[in-house]
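**Q** The structure that follows is given in the form of structure tokens.
The values are calculated or read from the model by the stated rules, or taken from the named source; none is laboratory data. Note that the structure is predicted; figures quoted are calculated from it, not measured. As a convention, Cβ positions derive from the backbone with ideal geometry for all residues, glycine included, and neighbour counts pool all protein chains shown.
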Amino acid sequence: MKMRLNATRLSLAVGLVNAMVAGTVAANEFVLEEIVVTAQKREQSIQDVPISVSAVSGEKIEEAGITDLANLSAYVPNLNISDGGETTNIFMRGLGSGVNFGFEQSVGMYIDGIYYGRDRQYRSPFLDLERVEVLRGPQGTLFGKNTIAGAINITTAKPTRELEGNVSVEYEPEYNTQTITGVLSGPLSDTLAGRLAVKHSETDGFLENTLTGDDEPAEDEFVIRGTLLWEPTDTLEVITKLETAEFDTNGRNTQISEVGSPGLLALYRLADPAFDGELNDKTSKQEEFAEIDSDNFSVTVNYDLGGFTLTSISGYSAYEFTEQQDADYSPLEVLPQAFDQDFEQLSQEIRLTSPIGGDFDYIVGFYYQTTELEHSRLTSGNGGPLGLDVRFGNEAFATPSARYTTFEQDSDSYALFAQGTWHITDTWRLTGGLRYTDEEKTADQGVDFTRFGTTVAIDPVTEAQLHARATLFWNTFGSFEHQFNDVDRNEEDVSPMVNLQWDVTDDVMLYTSLSKGFKGGGFNPNDVAGNNLEFDEEEATAFEFGGKTTLADGAAQLNFALFYTEYDNLQVSSFDGTVFVVTNAAAATTQGLEVDGIWRLTENLTVTGAFAWLDTEFDEFDTAACSVAQNPQNDPTCTQDLAGEDLTFAPELTANLGVQYVRPLTDSLELRTRLDVNYSDEYQIQQDLDPADRVESHTLINASVGLASNEDNWSLALIGQNLTDEDHRTYSFDVPIQLGTHAALITPPRTLAIRATYNF
């Protein structure tokens, strides 16, 4: 009886839904707006692209209060971007680059066709965007070598032929967050148009530093971008863009979350009686700051050759990064650390795009990139506050000294690529692609022992005693003086892909694809022992089957993708509490399912949703670094076998649900509301799979409610982020020297901001 009743209820529910869909569409006669993307280097409807791709419009980014890629990742299943303390963690489908400045990115980021390959560039705030596309799976043919997990394709807004602009002011009182954004766009002559976008934001921070009395991290950001569009003829378009940005931070979102021993807790409280060692809204550490100054310049030329389009994209990107860090993360002054990093990149892409509409269309091109990276790290050490001289029975462990690590790398990369589509019939299409890449890297890397807080080397002859003590101290914790000069490596790779599409009906498209990708090998700037400098390239073979469907006479869309990917020589970096260990895991596998959809239920109500299931596993990895719990003696040779274990940053389930409701209140006023619910399952953070470093399952709820004019020339909105005040960790790691102690970063707390916008 119960089974029959449930079946009856299900049948009634299905029938009711079908009736609602049919009735709603017939009554309102509305369809979804077409979403246009450039995931295949030409403008296409997202429903025609045989790739698992999510697109978020600039309008949604603004309405939802999404400020950067880290915020955006909560809205895109199988994408995980977060601050990792030293670097930005960027993972897709369980694959990312880990904590290492020398790693290439597994998820490539492109802004207006320019590749931005350093993790620091992922921290830039969103400003005046047209859309963001997230492409999952290897994208090597058209996007290049460092898209082995996927790509993020960002398009900024272009100049307009009519005068327009906007000013937006946002204020959040709890943490004194203030943001002002302005955009002005319009014609400068008959053939020239310009666009200027400016953003300034500052906040006091959400953590109380009980040692200094400051609120952290206090941030100050300024970005300005100017764009010119020149169209001297109907066949020529030139877009020039210049952007400069400054990001200043005082303090960091880090705190000790677990204390290794009662003795350490007593020492911490001796330095700061308010220290509690719990994961909350407090921290206790020495003063910290970070500064990033960046400049980006690009020129894009599109020339119409009678149906064919010749495109040239020239780009220059550079930044300077400076940081002062408390690397022991405690109220004690044990490991103050200073970073300096300078980066420059020049790139050039030329491609020819054929017209569409015939039996065969194609894209062919050439890409060149050259980069220069300079990185230094000064880690000063003083074991006296921890009583290490007593523990080890030697004054060397209470004698201040420093370890100065330097790294310089030059890289040149060339690539030829081609992709073509054969329209076998009106409903069947076969696409094939190939990319050849040649890359050369040259590096210098070294470690010197220096005076505490300086880069002045200790002379082993005239300062023999100090040098001997510094050597004993740093050798004990895995660091040895060394110097590598002009180390080089050269790699060649051919990345193919093949894709088959079938238009089952006008509203249903199925596809299957097989592709290979690779991520370049390189050098480890964190090699403080002198025995872990080089790592090999990483390769992936990916299979995908998916579909794009349009339902309810255009009022709904439902898309899905099943994927299976095998990785060889997976690059992994882990911190064992003393040093960073870089290895190539033998093999790993990821597989899963992604589903996303949108349904315009009524003229006023739209529902979006997405779901992802992910299964990851190391197939072979018997050289993984041990966790601190497994290796309390700090044996540098300690390894563990992680075959059969999960990869990091790979939650089994992620999902999101969005509801948007827009309703006219009067002839000139409308109500705009939005609710977003984002869920993530638990996942491991560190490559040593220490159970203390896990992110627990969590749900983030964001919402906004506002009033706007029907002509959209003004709006006033209340925006809430993390409404349930979730305080889970977003990253966690071993604290150096202090065995068993862990530090963590937490998600920002609940905020309520008011935003006023004027459009003209």
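**Q** Suppose we filter 745, 752, 689 for residues that are of a type in the set (A, V, I, L, M), in contact (Cβ under 8 Å) with a residue 60 or more places away in the chain and part of a loop (DSSP other than H, G, I, E, B); which single one remains?
**A** When all the criteria are applied, what remains is 689.
**Q** Any chance you could count how many residues in the range 726-742 are outside any loop (DSSP other than H, G, I, E, B) and either acidic (Asp, Glu) or more than 18 Å from the chain's Cα centre (by Cα) (or both)?
**A** 3
**Q** From the list 642, 671, pick out the single residue that is loosely packed, with under 15 Cβ neighbours inside 10 Å and touching a strand residue (DSSP E or B) at 6+ places or on another chain (Cβ under 6 Å).
**A** Sole residue among the options that is loosely packed, with under 15 Cβ neighbours inside 10 Å and touching a strand residue (DSSP E or B) at 6+ places or on another chain (Cβ under 6 Å): 671.
**Q** How do the strands (runs of 3 or more DSSP E) wholly within the range 272-385 filter down when requiring 1 or more residues that are modelled with pLDDT of 95 or more, touching a Phe, Trp or Tyr at 6+ places or on another chain (Cβ under 7 Å) and of a type in the set (Lys, Arg): which remain?
**A** 360-381
**Q** Return a yes/no flag: does the range 43-52 have any residue that is assigned to a loop (DSSP other than H, G, I, E, B) and under 27 Å from residue 715 (Cβ atoms).
**A** no
**Q** Moving on. Answer yes if at least one residue in the range 13-25 is buried (at least 19 other Cβ atoms within 10 Å of the Cβ), of a type in the set (S, T, N, Q) and at pLDDT 85 or above, and no otherwise.
**A** Looking for residues that are buried (at least 19 other Cβ atoms within 10 Å of the Cβ), of a type in the set (S, T, N, Q) and at pLDDT 85 or above, one finds none in the range 13-25, hence no.
**Q** Just for the range 513-533: of the residues that are in a strand (DSSP E or B) and surrounded by 17 or more Cβ atoms within 10 Å (Cβ to Cβ), which one is nearest to the chain's Cα centre (by Cα)?
**A** Across the range 513-533, the extreme among qualifying residues is 519.
**Q** Yes or no: residue 69 modelled with pLDDT of 90 or more, closer than 30 Å to residue 575 by Cα, in contact with a helix residue (DSSP H, G or I) (Cβ under 6 Å, 6 or more places away or on another chain) and not β-branched (Val, Ile, Thr)?
**A** Spelling it out, it is not the case that residue 69 is modelled with pLDDT of 90 or more, closer than 30 Å to residue 575 by Cα, in contact with a helix residue (DSSP H, G or I) (Cβ under 6 Å, 6 or more places away or on another chain) and not β-branched (Val, Ile, Thr).
**Q** Hey, another quick one. Can you tell me how many residues within the range 163-221 are free of Cβ contacts under 8 Å to residues at least 40 places away in the same chain, under 27 Å from residue 255 (Cβ atoms), of a type in the set (D, E, K, R) and not in a strand (DSSP E or B)?
**A** 1
**Q** Those residues that are modelled with pLDDT under 90 and assigned to a loop (DSSP other than H, G, I, E, B), I need them from the range 107-125; list them, please.
**A** Within the range 107-125, 117, 118, 124, 125 qualify.
**Q** Moving on to the next point. Quickly run through the range 80-98 and pick out the residues that are surrounded by fewer than 24 Cβ atoms within 10 Å (Cβ to Cβ) and either of a type in the set (A, V, I, L, M) or in contact with a Lys or Arg (Cβ under 7 Å, 6 or more places away or on another chain) (or both).
**A** 88
**Q** Within the range 398-407, does at least one residue satisfy the condition of being part of a loop (DSSP other than H, G, I, E, B), within 30 Å of residue 331 (Cβ to Cβ) and touching a residue at least 12 places away in the same chain (Cβ under 8 Å)?
**A** yes
**Q** (1) among the polar types (S, T, N, Q); (2) at pLDDT below 95; (3) crowded, with 21+ Cβ neighbours inside 10 Å: which one isn't true of residue 409, the others all being true?
**A** (2)
This table checks each residue for (1) under 18 Å from residue 520 (Cβ atoms); (2) part of a strand (DSSP E or B); (3) over 33 Å from the mean Cα position of the chain (by Cα).
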{"residue": "426", "(1), (2), (3)": "no, no, yes"}
{"residue": "431", "(1), (2), (3)": "no, yes, no"}
{"residue": "442", "(1), (2), (3)": "yes, yes, no"}
{"residue": "447", "(1), (2), (3)": "no, yes, no"}
{"residue": "462", "(1), (2), (3)": "no, no, yes"}
{"residue": "465", "(1), (2), (3)": "no, no, yes"}
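**Q** A follow-up question, please. Within the range 476-512, restricting attention to residues that are aliphatic (A, V, I, L, M) and out of contact with any Asp or Glu (no Cβ under 6 Å at 6 or more places or on another chain), which residue is surrounded by the most Cβ atoms within 10 Å (Cβ to Cβ)?
**A** Among those residues, the one meeting the criterion is 497.
**Q** Shifting gears a bit: Kindly provide the set of residues from the range 555-590 that are part of a strand (DSSP E or B) and either touching a helix residue (DSSP H, G or I) at 6+ places or on another chain (Cβ under 9 Å) or among the β-branched types (Val, Ile, Thr) (or both), ordered by number.
**A** 556, 557, 559, 565, 572, 581, 582, 583, 589, 590
**Q** Report, by residue number, each residue of the range 222-258 that is on the phi < 0 side of the Ramachandran plot and assigned to a loop (DSSP other than H, G, I, E, B).
**A** Passing the criteria: 234, 235, 252, 253, 254.
**Q** Could you give every pair whose Cβ atoms fall below 7 Å, whose first residue belongs to the range 601-615 and is hydroxyl-bearing (Ser, Thr, Tyr), and whose second residue is not in a strand (DSSP E or B), counting only separations of at least 6 or pairs across chains?
**A** Note: pairs meeting the criteria are 602/24; 602/28.
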